[in-house]
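Worksheet: the structure to be examined is printed underneath.
Any read-out appearing in this document is the output of simple, stated calculations on the displayed coordinates, not a laboratory observation. The shown structure was predicted, so the numbers you read here are calculated from the model rather than taken from an experiment. Here Cβ is always computed from backbone atoms with ideal geometry, including for glycine, and neighbour counts include all displayed protein chains.
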Amino acid sequence: MNNSQQRGASERSQVRRAELIATGRKLFADTSYDALSMDDIAKQAGVAKGLIYYYFKSKRGYYLAIVEDSVAELVARAAGEPDLPKAERVRRTIDGYLHYAEHHQAAYRTIVTGGVGSDAEVLAIRDAVREELVATIAEGAYGRRAVPPLARLALVGWLSGVEGTTLEWIGARAADAEVGAGADGDAESAARQPDRDRIGALLVRQLRATLTVIGEFVPECPPPPLPEDAFEITGDLAPVT
């Protein structure tokens, strides 16, 4: 096999692997890990079970590959467009994070909660994505990814709040979607659920407060200078003056 043939075979292999991961993401979005057998997965993917073992060695290896793929997409969406002004980059980072959670709810829950039981490798993936997101926020705010321990702890605390808020938000939206708007009360409940823009505005303002507090405790990390309207929001989320 010449070099051109080898490249072609490698590309086909990568495409096939990506297709299997995409199928797995859909399957695990609707069905728990324990409820899916390799036979089920192979049938849904339309391939021989041996092909999945060839690429991923085991069901657990397949699941880990799916989680890692989901994490990579989340981080890429949250950390996109690094050349934007600081305030806009912060906004885009949070919006990208919420966009991913809103449209990939099962994958987001897996990433945040650690996936299957207390699987050490899944937990390590979860911890790695948290570190990357904290570093992304620090870079957007201070122009550097590494910050003093106290500043990092404050950002980790803010991110933990983001995770809790986001889990509650997507859970409420999913419940509303399941119930539907058949009754007037349900329609009113659905209408009360905030959209992504309002949740994003809330989280951005909380981050601004966190950065201010960090500046008080860690003088070498002053709040980044931002225009007056950098975190401007409207409606009932606007601060009382």
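Which of the lysines could be linked to K26 by a straight reach, that is with a Cα gap under 30 Å, when you skip same-chain ones fewer than 8 residues away?
K43, K49, K57, K59
Quick one: what does P(r) look like for the range 65-221 with 5 Å bins over all Cα pairs, in whole %?
1, 9, 17, 20, 19, 15, 10, 6, 3, 1, 0, 0
If you rank D95, D83 by fewest surrounding Cβ atoms within 10 Å, what's the result?
Listing D95, D83 from fewest to most nearby Cβ atoms yields D83, D95.
May I ask you to sort V15, V213, V204, V67 by Cβ crowding, counting other Cβ atoms within 10 Å and putting the fewest first?
So the ranking, lowest neighbour count to highest, is V15, V213, V204, V67.
Ordered by residue, what ³J(HN,Hα) values in Hz, to whole numbers, does the range 139-148 give under the Karplus form 6.51 cos²θ - 1.76 cosθ + 1.60, where θ = phi - 60° and Gly and Pro are x?
5, x, 7, 10, x, 8, 7, 9, 10, x
How do H99, H104 rank when sorted from fewest to most other Cβ atoms within 10 Å of their own Cβ?
Going from least to most buried by this count: H99, H104.
How large is ³J(HN,Hα), in whole Hz, for each residue of the range 56-72 in order, when computed from phi with the Karplus curve 6.51 cos²θ - 1.76 cosθ + 1.60 and θ = phi - 60°, using x for Gly and Pro?
Per residue, the Karplus-derived 3J(HN,Hα) values read 10, 6, 7, 4, 5, x, 5, 5, 4, 5, 5, 4, 4, 5, 5, 4, 4 Hz.
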